[in-house]
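Nothing in this text is a laboratory measurement; each read-out follows from the coordinates by a stated rule. None of these values were measured; they are calculated from a predicted model. Every residue, glycine as well, gets a Cβ built from its backbone with ideal geometry; the counts of neighbours run over all protein chains shown.
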Amino acid sequence: MNTTLRKNIDWVGYVDWTIRDFHSYETARGATYNSYLVRDEKTALIDTVKAPFADRLLRNVSALTDLSDIDYVVCNHAEPDHAGGLPRVMKALPGATLVCNKKCVAALSRHFDTAHFDTSAWRIRVVTSGDTLPLGQRTLQFIDTPMVHWPESMFTFIPEEKLLFSMDAFGQHYATSGRFDDEVPLCTLMEEAKAYYATIVTPYGKQVAGVLEQAATLDIEMIAPAHGVIWRSQIAKIVEAYKDWSVCRPKAKVLVIYDTMWDSTGQMARAIHQGASLAGVEAVLIHIRRSNLTTIATEVLDSATVAFGSATLNRGMMPMAGAVLTYLKGLRPVGKAGFAFGSYGWGKGGPEAVGDCLENMGWQVLREPLKAQYRPMPKVRDECREAGKALAQKALEMAPNREDRQRSV
Ligand code: FEO
């Protein structure tokens, strides 16, 4: 495995091939926790890894240099998938000073049990945006990037190498033996980058837009995130994709999501999907209990319009429909239009509850909930097909340019 980014700058992280649940993110292709070693007159370790893998990180570092040679440990982000290994690492690196911003110091002090880890014993150098730390031939330059992904998040840049350590931004949950974007299939890489954005970064679109503006002022040849592969051949592609994702830019795409009891809502969903399958429109059909939150959030990200269906259960929506809507409410994908649909029996409530959720998310609700009592009779199925067609036409309006309609990322 090629782990060298530049001369004396190496990846020393951990590839987790087996993880499938990253706090409800379904990591179908595993994950990586990236850490980088910069050796110069001074030596710096950029980020650590999840706590259980700290010893693997230390072994990787030991293969390149003596642990006593490490001068700095930069913490770009306090979340435990990157900082969880810090107590073990700081204990093993007697000469190291922790480098992070003020908010990160506060976050770390609330993560670690000082009675056991004695963070007060750590030497800490507090930096802020624009500060630099000379290593010798190379310099570390720090850029605060609040809320991408947490308040204390920051980037570290090495201008002499045109190398940006971007922490969570531009990451992917993707276990591979290749460490670089040109060593893995591009379509798979972009799929994982999109899933990562949709699931982790969507709520922070405005902050991402700010970060992209800042990044545009830097001369960058390589982006080394804290997860997944390193960007060196496809930087323009991922930056363009982030510009689209940060505003949830819609494709001409209709998404039909549903949960059903006795397939009445399923029949309605299929009729809506059939009506939405117009030329030039991508129409996607998802049965919630045959899918997962990660896939659904990823499909929502670039959809223009969404039909969301639930059968009525106990005067409300189906439980997994509720879980999906709760998840989407938190992710806050913007600029979507759609409607609710579903079946009911003697008591109503499922489609109405879905419609309320769509409205509360700030989506444009295009019509009253489309409903069927017990079974969708032919007239209702016709109505579903017409509603699907209207959704597709709306999607075409929302992505009017040929380029917008065909964006494939
Ligand atoms: Fe990969 Fe926000 O942690």
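See the values below:
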| read-out | value |
| --- | --- |
| Assigned charges on the beta-carbon of Lys, Arg, Asp, Glu; the range 253-398 dipole about Cα centre (debye) | 220 |
| Amide proton proximity set for VAL99, modelled H, under 5 Å, gap of 5+ | VAL73, VAL74, CYS75, ARG125 |
| Percentage relative contact order, the range 253-398, counting C-alpha pairs under 8 Å, at least six apart | 33 |
| Taking the chain and dividing mean pair separation by its residue count, relative contact order in percent (alpha carbons under 8 Å, at least six apart) | 13 |
| Hits among aspartates and glutamates - C-alpha to C-alpha of LYS103 under 14 Å, sequence gap 8 or more where chains match | GLU79, ASP144, GLU152 |
| Neighbourhood net charge (9 Å Cβ-Cβ; Lys/Arg +1, Asp/Glu -1) for MET361 | +2 |
| Antiparallel DSSP beta bridges within the chain, percent to nearest 5 | 40 |
| Gain upon complete extension [TYR374, GLU191; 0.36 nm per residue less C-alpha separation] | 62.0 nm |
| Cα-based reach from LYS253 at 17 Å (exclusive), listing lysines while leaving out same-chain residues under 8 positions away | LYS194, LYS336, LYS389, LYS394 |
| Exceeding the 20 Å Cα-Cα cut-off - candidates LYS206/LYS243; LYS50/LYS91; LYS329/LYS371 | LYS329/LYS371 |
| Residue order, fewest to most surrounding Cβ atoms within 10 angstrom, among THR132, THR145 | THR132, THR145 |
| For the range 4-246, alpha-carbon Rg relative to the globular expectation (2.2 N^0.38 Å, N residues) | 0.93 |
| Theoretical gain in end-to-end length, THR139 to LYS329 [0.36 nm per residue, Cα-Cα removed] | 64.2 nm |
| Helical mean residue ellipticity (222 nm; -39500 (n - 2.57) per DSSP H run of 4+; nearest 500) of the chain | -10000 deg cm²/dmol |
| Loop-located chymotrypsin sites (Phe, Trp or Tyr not before Pro) in the range 304-367 whose Cβ has at most 13 other Cβ within 10 Å (DSSP) | TRP346 |
| Convex hull volume per residue in cubic angstrom - Cα atoms of the range 253-398 | 88 |
| Potential extension, ARG290-GLU359 segment - 0.36 nm per residue separation minus Cα distance | 22.3 nm |
| Residue order, fewest to most surrounding Cβ atoms within 10 angstrom, among ARG270, ARG375 | ARG375, ARG270 |
| Of ILE288, GLY316, LEU255, farthest towards positive along the dipole that unit charges on Lys, Arg, Asp, Glu beta carbons give the range 167-326 | GLY316 |
| Reachable aspartates and glutamates from LYS162, criterion Cα separation under 14 angstrom, eight or more residues apart if same chain | ASP219, GLU221 |
| Around ASP55: net Lys/Arg minus Asp/Glu count, Cβ-Cβ under 15 Å | +4 |
| Surrounding net charge for LEU37, when Lys and Arg each add one and Asp and Glu each subtract one, Cβ distance under 13 Å | 0 |
| Distribution of pairwise C-alpha distances over the range 129-244, 5 Å bins, in % | 2, 12, 23, 25, 19, 12, 5, 1 |
| Within the range 241-305, chymotrypsin sites (Phe, Trp or Tyr not before Pro) in DSSP loop having at most 15 other beta-carbon neighbours inside 10 Å | TRP262 |
| Least to most buried among ILE46, ILE70 (fewest other Cβ within 10 Å first) | ILE70, ILE46 |
| Compactness index (Cα Rg / 2.2 N^0.38 Å), the chain | 1.11 |
| Cβ-placed point charges (K, R +1; D, E -1), dipole of the range 59-138 about Cα centre in debye, nearest 20 | 120 |
| Charge dipole magnitude, Cβ of K and R +1, D and E -1 - the chain, Cα centre, debye nearest 20 | 1120 |
